[in-house]
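Enquirer: Have a look at this one.
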């Protein structure tokens, strides 16, 4: 299982997504790729904060299409993941590596499922020894 961070999903909504990201995704089995309810909410919030107009309409349609692809592969933060959340939050604080609540939740979901986290922001998570990281923008991480 590979959990896609919000930035990977957002990349797919761009007019010209990174060729490395597209190649990386093509090399994965679709059934291995999952979205989190946290990333879904972040994308929906991002669209809703845009001013009304063509850009918002275009991104809203792109978000709807993308999120529909992951409807059956959208993972929530279950109660059983809360110990992972606590470990992530404690490590973040004790190491002086601030994280957003959303990133802590995404990391906890990935750790709970023993999933790799695909993200461009590897540096935001690299202090979590139990979290497997993949960077789709890095051609060497294929």
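Bear in mind these aren't lab numbers, they're just calculated from the coordinates by the rules spelled out. As the structure is a computational prediction, the values presented were derived from the model and not from experiment. Don't worry about glycine lacking a Cβ; one is built from the backbone with ideal geometry, like all the others, and counts go over all protein chains shown.
Enquirer: Ranking 43, 106, 101 by Cβ neighbours within 10 Å, fewest first, what do you get?
Expert: On the way: 43 21, 106 28, 101 10.
Ascending Cβ contact count within 10 Å gives the list 101, 43, 106.
Enquirer: Next question. Shape verdict for segment 28-113, please, from the Cα gyration tensor: rounded (a/c under 1.5), prolate (a/b greater than b/c) or oblate. Intermediate values should be presented prior to the final figure.
Expert: Working: a/c = 3.04, a/b = 1.55, b/c = 1.96.
Note, shape of segment 28-113 comes out oblate.
Enquirer: Based on the mean of other Cβ atoms within 10 Å per residue, sort peptides 78-88, 32-42 so the most packed one is first. Don't skip to the end; give the middle numbers.
Expert: On the way: 78-88: 15.3, 32-42: 19.8.
Ranked from most to least packed, the peptides come out as 32-42, 78-88.
Enquirer: May I ask you to sort 1, 99 by Cβ crowding, counting other Cβ atoms within 10 Å and putting the fewest first?
Expert: Numbers: 1 13, 99 19.
Listed from fewest to most nearby Cβ atoms, that is 1, 99.
Enquirer: Next question. Taking only Cα atoms, what is the 0 to 90° angle, nearest 10, from helix 101-112's long axis to the longest principal axis of the chain?
Expert: Once rounded, the angle reads 70 degrees.
Enquirer: Report the Cα centroid-to-centroid distance between segment 35-65 and segment 107-142 in angstrom, as an integer.
Expert: 24 Å
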